[in-house]
Each structure stands twice: as structure tokens, then as C-alpha cells.
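No lab work stands behind these numbers, since they all come straight from the coordinates. Keep in mind that what you see is a predicted model, and the values were worked out from it rather than measured. Glycine gets a Cβ as well: all are built from the backbone with ideal geometry, and neighbour counts include every protein chain shown.
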Amino acid sequence: MNDILTIDTGAGLVSQQKVDPLPLYDEKHPMLMDEIPEYVGPLPNPNISLLIQRLKLTMKLYGGVGLSANQCGVFERVFVIGTDYFQIACINPKVLQVSDNLDKSEEGCLSYPGLYLKIPRPLSVHAEFTDENGVLQRKWLDGVTARCFLHELDHMNGIRFIEKVGSVSLTQARRKQTKLIKKVQRRK
């Protein structure tokens, strides 16, 4: 458990709250294949803020750079992307425009441990999302940030990254995944 410090500037109150990481669902969970409807509740919302904190904690715990709520069994159109130094929480994310230039780079997914696939993605994306404070954001995201945004948006739309490669590429990647998992298990 990690402590989350909350400061209510209006009331001058400071409180500490224990936050647990969320469970992480693997590739077999049916929720990963469902399209998540838009969030229609009020923002800011303490429940969504807590969900975002728990998503960030879970993403950090598992060493990821992105995590969607449905990967943790939460049926909300919310995801987080980033590192220890830079994080974005995206509620109701959308793509407004993508660049014509594509980059085919390796991606992993926390729901598919040890599986890495070369996925073609646009180098930039003009993204729209609402942040946890209820502010509509429109930003151009580039490089790895754009890739992460699109990967997590695919989760929100029920698209698994294994669907973006051919059967031969997937078979080869699965063999490497099996070897990697056996190697890690032998170390234990």
C-alpha cells in the first residue's frame, strides 16, 4: 500500500489515504474484448480520482507505461500513460487526427507478460480527452507517448494488440514469450 496525500485547500484539511494497487487481468479475460462506453458522470469526481491514483500505482508496480481501467476489471473509459516523471490521465479519449508517417516498433502489454510485437502506429496523434479535473484537453502527442495513447485507446475499444499482427509474427512472438517466461521461472 502507498500513501496518497490529499489537500483540501478550501477547508484547509490534509488527509492521508491508503491506496492499494488494482488486480491486473491477463489476456484471457473477456473484459479486454469489450468496448467501454463513455464516462458520463460528473468531473472532478473523487471516485474517478481514486481510480486514476490506483491505475498509476498499478502501472508503476508492474513497470508499465500505460494501463487502462478495463485491464484491471473496471468498466470505465479511463486510462493512464506515462513514467515516474510524466503522467497523463485520459477520460473518454478520442483521436482527432493522426500523422501520415508510421513507425513499426515493438510494443508490450501488461495483460500479455513477456509478449512483444512490432506494431505499426502513427508517429503523432492529435488527441482529445478529459483530465481528472474535468478539463477538456486537446494535445498533439508524439513518439512513445502517441504509441501508448493509441495502445490504451485500443483497450478502450476492445481491440487487443495481438489482433494487429499476422499469424506468423504472433506465433514467433509466442515462442519467445514462452522461453522468456520459463527463464524467469527458473530464476525463482
Note: MET33 to ASN45 extended length (0.36 nm per residue) minus current alpha-carbon separation gives 1.7 nm
Stretched fully, the stretch from LYS182 through VAL95 gains (0.36 nm per residue minus C-alpha distance, one decimal, in nm) 27.5 nm
The simple spin-label model distance between ARG160 and HIS126, using points 7 Å out along Cα→Cβ, in nm, is 3.4
Charge dipole of the chain built from unit charges on the beta carbon (Lys, Arg +1; Asp, Glu -1), centred at mean Cα; most positive-end Cα among VAL74, LEU50, GLY143 is GLY143
Out of LEU50, LEU67, LEU96, a Gaussian network model of the chain with alpha-carbon springs under 10 Å gives the largest mean-square fluctuation to LEU96
Burial-style ranking of 110-118, 37-45, average other-beta-carbon count within 10 Å with highest first, yields 110-118, 37-45
Amide H contacts under 5 Å for ALA127, restricted to residues at least 5 apart in sequence or on another chain and with H modeled in the peptide plane, are LEU96, LYS139, TRP140, LEU141
In whole percents, the bins of 5 Å from zero upward hold the Cα-Cα pairs of the stretch 75-119 as 5, 14, 14, 22, 31, 13, 1
In degrees, nearest 10, the alpha-carbon axis of helix 143-156 is tilted away from the dominant principal axis of the alpha carbons of the chain by 90
The pairs in LYS104/LYS164; LYS118/LYS176; LYS18/LYS56; LYS118/LYS164; LYS118/LYS139 lying past 18 Å Cα-Cα in this model are LYS118/LYS139
